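The values are calculated or read from the model by the stated rules, or taken from the named source; none is laboratory data. The structure displayed is predicted, hence computed values, not measured ones. Here the Cβ positions follow ideal geometry from the backbone for every residue, glycine too, while neighbour counts run over all protein chains shown. For accessibility, only protein heavy atoms count, side chains too; no ligands or nucleic acids. Shrake-Rupley method; radii C 1.70, N 1.55, O 1.52, S 1.80 Å.
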Amino acid sequence: MSIEYTNKLHAGADFPEIKATLLNGEVKTLATPENGLDWKMIVIYRGRHCPLCTRYLNHLQGMKDTLAQTGVDLIAVSGDSKAQLESHLQQLDVDFPIAYGLTLEQMKELGLFISDPRSPQETDHPFAEPGLFVVNSQGKVQVADISNNPFVRPELKSLVNGLAWIRNPENNYPIRGTHK
């Protein structure tokens, strides 16, 4: 088996100009912070078919205000279709933006692991495994986490606390993982 898309999005690199669509038709640039905030967390989830993703997104809702207090805006995105996202919203209790239609090319550009469905009952398209990126005010990747399966994701409370520590100017904490 040959895997050709193993390039990683490195810490400290510019986050690519990737756009995705919200249900209302609005196109969002994933790494552009809004709501008066200057950092952006981008959560890539597998899709409607994944109960762990549903649980993670619902748990993330409880962290939204704390993230905002530290200056971090939030968006989630998957490769699902508009219809799949509409259906998934029945299981979600979130008010942060969720986009759909992440393409295979975009998944590869982000260095995500991509899986094929196990059956037509799971889903009808290849999908990204979990990924999470935090982009700083200069558009650089401050935090990157990618997984090849749904069982490995950042624990949200630790992540949010860590971001607050990183954002504190007294700590002067650099982007980690940039050794050449």
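For (1) free of Cβ contacts under 8 Å to residues at least 40 places away in the same chain; (2) farther than 20 Å from residue 39 by Cβ, each residue gets a yes or a no:
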{"position": "86", "(1), (2)": "no, yes"}
{"position": "100", "(1), (2)": "no, yes"}
{"position": "114", "(1), (2)": "no, yes"}
{"position": "148", "(1), (2)": "yes, yes"}
{"position": "152", "(1), (2)": "yes, yes"}
{"position": "164", "(1), (2)": "no, no"}
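Of the numbered criteria (1) of a type in the set (S, T, N, Q); (2) modelled with pLDDT of 90 or more; (3) open to solvent by less than 30 Å² (accessible area, probe 1.4 Å), the one residue 168 fails is (3).
For region 113-126, the criterion of being of a type outside the set (Phe, Trp, Tyr) and at pLDDT 90 or above is met by none of the residues.
Checked against (1) in contact with a His (Cβ under 8 Å, 6 or more places away or on another chain); (2) assigned to a loop (DSSP other than H, G, I, E, B), residue 7 passes all but a single condition, namely (1). Restricting attention to region 14-49, and to residues there that are of a type in the set (Asp, Glu) and in a loop (DSSP other than H, G, I, E, B), which single residue is most open to solvent (accessible area, probe 1.4 Å)? Looking at the filtered set, the residue picked out is 17. Mind checking which residues of region 104-125 are under 17 Å from residue 146 (Cβ atoms) and not basic (Lys, Arg)? Answer for region 104-125, where residues must be under 17 Å from residue 146 (Cβ atoms) and not basic (Lys, Arg): 104, 105, 106, 107, 109, 110, 111, 112, 113, 114, 115.
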